[in-house]
Amino acid sequence: MASNPEQKPKTEKQKKGDLWRFVGVASTVGINLVVSTFVGFALGYWVLDKHLNTAPWFTIVLTSLGIVGGFMYLFKIAKKAGEKNED
């Protein structure tokens, strides 16, 4: 990693801004994991299984898809953060 000699060191204010940006992204990822799991569960349990009498199959499948979707979002954000750190 080549450092740019013309680049100024970050000020204390910029460091705090970076910290709050990181906290915001981390909380967004956490909320997304919970919400996607809950939406999958709710669709499977209350919408499909209750009306089609297929319990517990749609609940299991859609909850699993919600969890997978949440982790896919987590990996997408982690990849973006990794690419940003390399620059």
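Throughout, read-outs are computed from the coordinates displayed, never taken from laboratory work. Given the structure is predicted, the values throughout are model-derived calculations rather than measurements. FYI the Cβ positions are ideal-geometry reconstructions off the backbone, even for glycines, and counts take in every protein chain you see.
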Extreme residue, positive dipole direction of the chain, given options Y73, T63, W46 (C-beta unit charges): Y73
Distance from segment 49-75 to segment 33-47 (C-alpha centre basis), Å: 6 Å
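For n ≥ 4 DSSP H runs only, could you compute -39500 (n - 2.57) per run for the chain, divide by its residues and tell me the 222 nm figure to the nearest 500? Let's see the in-between values first.
Working: 2 runs with 61 residues, N = 87.
Estimated from H runs of four or more residues: -25500 deg cm²/dmol.
Subtract the Cα-Cα distance of A81 and R21 from 0.36 nm times their separation in residues, and report this length gain in nm to one decimal.
Working: separation 60, 0.36 × 60 = 21.60 nm, distance 1.14 nm.
Extra length available between A81 and R21 comes to 20.5 nm.
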Lysine pairs meeting the criterion (Cα under 17 Å, 8 or more apart or interchain), as found in the chain: 4
The chain: angle of helix 57-86 to the longest principal axis, Cα-based, in degrees nearest 10: 10 degrees
Cβ-placed point charges (K, R +1; D, E -1), dipole of the chain about Cα centre in debye, nearest 20: 280 debye
Simple spin-label estimate for L65 and V34 in nanometres, 7 Å along Cα-Cβ: 2.4 nm
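Quick one: D18, D49, fewest Cβ neighbours within 10 Å first, how do they rank? The partial results should precede the final answer.
Numbers: D18 11, D49 18.
The fewest-first ordering by Cβ neighbours comes to D18, D49.
Checking a compactness column here: for the chain, what do you get for Rg(Cα) / (2.2 N^0.38 Å), N being the number of residues? Don't skip to the end; give the middle numbers.
Numbers: Rg = 20.1 Å, N = 87, 2.2 N^0.38 = 12.0 Å.
Compactness ratio reported: 1.67.
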From phi via Karplus (6.51, -1.76, 1.60), per-residue ³J(HN,Hα) for segment 14-22 in Hz, x at Gly/Pro: 5, 5, 5, x, 5, 4, 5, 5, 5
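Contour minus end-to-end for Y73 and Q14, with contour as 0.36 nm per residue of separation and end-to-end as the Cα-Cα distance?
Values: separation 59, 0.36 × 59 = 21.24 nm, distance 2.69 nm.
Stretched out fully, the Y73 to Q14 stretch lengthens by 18.6 nm.
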